[in-house]
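K.L.:
The structure is given below, and queries will be raised subsequently.
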Amino acid sequence: MNNTKPNIVLINCDDLGYGDLGCYGSTVNSTPHLDAMAKEGVRFTDFYMVSSVCSASRAGMLTGCYPPRVGIDWVLFPGDSCGLNPSEITIARLLKDAGYRTKLVGKWHCGDQPEFLPTNHGFDEYFGIPYSNDMGMQAKKDGSCNANPPLPLLRGNTVVQEQPDQAAITERYVDECLQFMDDPGDQPFFLYLAHLYVHTPLFIAEQFMAGSRNGTYGGAVAAIDWATGAIMDALRKRGLDENTLVIFTSDNGGTRRGCNAPLRGNKGTCWEGGQRVPCIMRWPGKIEPGRETSGIAASIDLYSTLARIGGAEIPVDRAVDGVDISGVILRGDESPRDTFIYHAFNHLQAVRKGPWKLRVCHRSFGEDSLETDLKELYNLDDDVGETTNVYEQHPDVVAELSAIVDAARRDLGDKATGTVGAGLRTPGHVEDPKPLTTYDENHPYIVAMYDMFDRSGPEPTFRRS
Ligand code: MG
């Protein structure tokens, strides 16, 4: 093993909320391995994803840029003509160029056409479902099936299974991770594990349901926790523990089935609950155990930080929005990030500086309504739940944050005000996109239950048709 460069394991969950882990206050989900990880590492209280929806969040994190800059500020669908431009330089590409072996296991969601897949974005290997697990064939309550193409499971760029058993996917993902760690070469590795949990529909293996006090959701969280424990155990047994940085986070806030307490709002909104997520980092001997850090940090900062830690060169021919927070992680320094911009659907919705958050626009996932010219100011130090608007009381703060909003609009654009940004790059585009799979009436598919997101009532009985 090359001792000058550590291995890096980045674990990203799908829709896991700020309050869904024991170490973030959950009393209904059991997360012993993640709680132990927090005790052994550093826990962030103010860590943000750059979007409250999947594709934009992932495109931003992997490129170190706010989503509008790379042109992915929405959710991509099967057979979409759009994807992360192959000219973008992902963190996987940077680390690969710096001598790392790289693998993505799990959800990609930055475009499913061949030119956009992980193997064209710096990952040596890929195994996973390339987009959301509700984008396959799903039975509706009336017994009919939706029109999505069968959910693909890819190895590299090849579909190896259609409509895989989702209850078994997490164990298969972990198995892939462990095999990847076992490569006998002397290169360090970058492993990105992107879970399908806790995105609905939720299919849970029996062993994770057994101890759940929170239905299928608790079972999904238990599976994520088990996977983390299994990876930690594998690192220890392989003697890699002290030379591996492990990062755990989530791509956006929880849905209404999850918990974002004490934050307001949920996935698809620019309230804190939509974008502030759990983040824990562990690296024995390098990160002081049991530390908590409350400075502002963001997923885009992982780009510059991992490049620094992995000895990679950050590109100088393009704008990068992330900053290097390795000092925060390794030395407990004050965070170099003091501002954060909240976007959704190319609308610039809010800005945070220090404790202050100015909201100027509101449009959330699934809502047609658009509110512009908002005049809302919150002090997140005193009021993390964004309950009390203090806009009128602090005209000087409003003026300072409004200037940041104006500058961000000029750079990144803003659909709400019709501002075209000067610093935008174009997303990838193909002329004749095709879904990765097509329905075959003779194939014995496993059909998923209809997505129960945002529906009230008792949990459905999960029965395969
Ligand atoms: Mg998500």
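K.L.:
Would you tally the residues in the range 369-386 being under 21 Å from residue 418 (Cβ atoms) and exposed (fewer than 13 other Cβ atoms within 10 Å of the Cβ)?
P.N.:
Selection size over the range 369-386: 3.
K.L.:
Hey, does the range 426-438 have a residue that's at pLDDT 95 or above and either over 26 Å from residue 84 (Cβ atoms) or small (Gly, Ala, Ser) (or both)?
P.N.:
Scanning the range 426-438 turns up at least one residue that is at pLDDT 95 or above and either over 26 Å from residue 84 (Cβ atoms) or small (Gly, Ala, Ser) (or both).
K.L.:
So, one more: Looking only at the range 270-305, count every residue that is over 16 Å from the mean Cα position of the chain (by Cα) and of a type in the set (A, V, I, L, M, F, W, C) and tell me the total.
P.N.:
Looking only at that region, the number is 4.
K.L.:
Those residues that are more than 16 Å from residue 172 (Cα to Cα) and among the polar types (S, T, N, Q), I need them from the range 210-230; list them, please.
P.N.:
Of everything in the range 210-230, those that are more than 16 Å from residue 172 (Cα to Cα) and among the polar types (S, T, N, Q) turn out to be 212, 214, 216.
K.L.:
Check whether at least one residue in the range 331-342 is in contact with a Phe, Trp or Tyr (Cβ under 6 Å, 6 or more places away or on another chain) and closer than 22 Å to residue 283 by Cβ, and report yes or no.
P.N.:
no
K.L.:
Can you confirm whether the range 94-112 contains a residue that is away from the ligand (no atom under 16 Å from the Cβ), without any contact (Cβ under 8 Å) to a residue 12 or more places away in the chain and not in a helix (DSSP H, G or I)?
P.N.:
no
K.L.:
Please find, among 326, 304, the residue that is in the same structural domain as residue 251 (by TED's automatic domain parsing), touching a residue at least 12 places away in the same chain (Cβ under 8 Å) and either under 19 Å from residue 68 (Cα atoms) or open to solvent by 20 Å² or more (accessible area, probe 1.4 Å) (or both).
P.N.:
Answer to the check: 304.
K.L.:
Would you check which residues across the range 149-185 are open to solvent by 50 Å² or more (accessible area, probe 1.4 Å) and either farther than 13 Å from residue 130 by Cα or assigned to a loop (DSSP other than H, G, I, E, B) (or both) and list them?
P.N.:
Selection gives 157, 171, 172, 175, 179, 182, 183, 184.
K.L.:
I would also like to ask the following. Please go through the range 241-263 and pick out each residue that is within 16 Å of the ligand (Cβ to nearest atom) and closer than 27 Å to residue 309 by Cα.
P.N.:
Of everything in the range 241-263, those that are within 16 Å of the ligand (Cβ to nearest atom) and closer than 27 Å to residue 309 by Cα turn out to be 248, 249, 250, 251, 252.
K.L.:
So, one more: Which residue pairs have Cβ atoms closer than 9 Å, lie 6 or more positions apart in sequence or on different chains, and pair a first residue in the range 190-203 that is over 17 Å from residue 105 (Cβ atoms) and open to solvent by 10 Å² or more (accessible area, probe 1.4 Å) with a second residue that is assigned to a loop (DSSP other than H, G, I, E, B) and within 15 Å of the ligand (Cβ to nearest atom)?
P.N.:
200/15; 200/133; 200/134; 200/255; 200/257; 200/451; 200/453; 203/133
K.L.:
Still on this structure, I have one more. Working only within the range 231-283, note down all residues that are of a type in the set (Ser, Thr, Tyr) and in contact with a helix residue (DSSP H, G or I) (Cβ under 6 Å, 6 or more places away or on another chain).
P.N.:
244
K.L.:
The conditions are (1) of a type in the set (Asp, Glu); (2) more than 17 Å from residue 254 (Cβ to Cβ); (3) within 15 Å of the ligand (Cβ to nearest atom), and residue 14 fails exactly one of them. Which is it?
P.N.:
Against the list (1) of a type in the set (Asp, Glu); (2) more than 17 Å from residue 254 (Cβ to Cβ); (3) within 15 Å of the ligand (Cβ to nearest atom), residue 14 comes up short only on (2).
K.L.:
Please find, among 311, 229, 285, 273, the residue that is within 16 Å of the ligand (Cβ to nearest atom) and either at pLDDT 95 or above or of a type in the set (Gly, Ala, Ser) (or both).
P.N.:
273
K.L.:
Then there is this: Looking at the structure I just gave you, is residue 373 under 25 Å from the mean Cα position of the chain (by Cα) and without any contact (Cβ under 8 Å) to a residue 24 or more places away in the chain?
P.N.:
When the stated conditions are applied, residue 373 does not pass them.
K.L.:
Would you be able to say whether some residue in the range 63-74 is within 16 Å of the ligand (Cβ to nearest atom) and outside any loop (DSSP other than H, G, I, E, B)?
P.N.:
yes
K.L.:
Restricting to the range 310-323, and then to whatever is open to solvent by less than 20 Å² (accessible area, probe 1.4 Å) and under 22 Å from the mean Cα position of the chain (by Cα), can you tell me which residue is farthest from residue 423 (Cα to Cα)?
P.N.:
310
K.L.:
Of all residues in the range 192-223, count the ones that are touching a helix residue (DSSP H, G or I) at 6+ places or on another chain (Cβ under 6 Å) and either hydrophobic (A, V, I, L, M, F, W, C) or in a helix (DSSP H, G or I) (or both).
P.N.:
The number of residues fulfilling the criteria is 12.
K.L.:
What are the residues in the range 39-54 that are in contact with a helix residue (DSSP H, G or I) (Cβ under 8 Å, 6 or more places away or on another chain) and within 16 Å of the ligand (Cβ to nearest atom), if any?
P.N.:
Within the range 39-54, 48, 49, 50, 51, 52 qualify.
K.L.:
Quick test of your reading of the structure: residue 77 fulfils all but one of (1) under 19 Å from the mean Cα position of the chain (by Cα); (2) surrounded by fewer than 24 Cβ atoms within 10 Å (Cβ to Cβ); (3) of a type outside the set (A, V, I, L, M); (4) away from the ligand (no atom under 16 Å from the Cβ). Name the failing condition by number.
P.N.:
Against the list (1) under 19 Å from the mean Cα position of the chain (by Cα); (2) surrounded by fewer than 24 Cβ atoms within 10 Å (Cβ to Cβ); (3) of a type outside the set (A, V, I, L, M); (4) away from the ligand (no atom under 16 Å from the Cβ), residue 77 comes up short only on (4).
K.L.:
Let me spell it out: the conditions are (1) acidic (Asp, Glu); (2) open to solvent by 10 Å² or more (accessible area, probe 1.4 Å); (3) touching a Ser or Thr at 6+ places or on another chain (Cβ under 8 Å), and residue 251 meets all of them except one. Which number is the exception?
P.N.:
Among (1) acidic (Asp, Glu); (2) open to solvent by 10 Å² or more (accessible area, probe 1.4 Å); (3) touching a Ser or Thr at 6+ places or on another chain (Cβ under 8 Å), residue 251 violates only (2).
The values are calculated or read from the model by the stated rules, or taken from the named source; none is laboratory data. Keep in mind that what you see is a predicted model, and the values were worked out from it rather than measured. Neighbour counts run over all protein chains shown; Cβ positions are idealised from the backbone, glycine included. Accessible surface areas use protein heavy atoms only, side chains included; no ligands, DNA or RNA. Shrake-Rupley method; radii C 1.70, N 1.55, O 1.52, S 1.80 Å.
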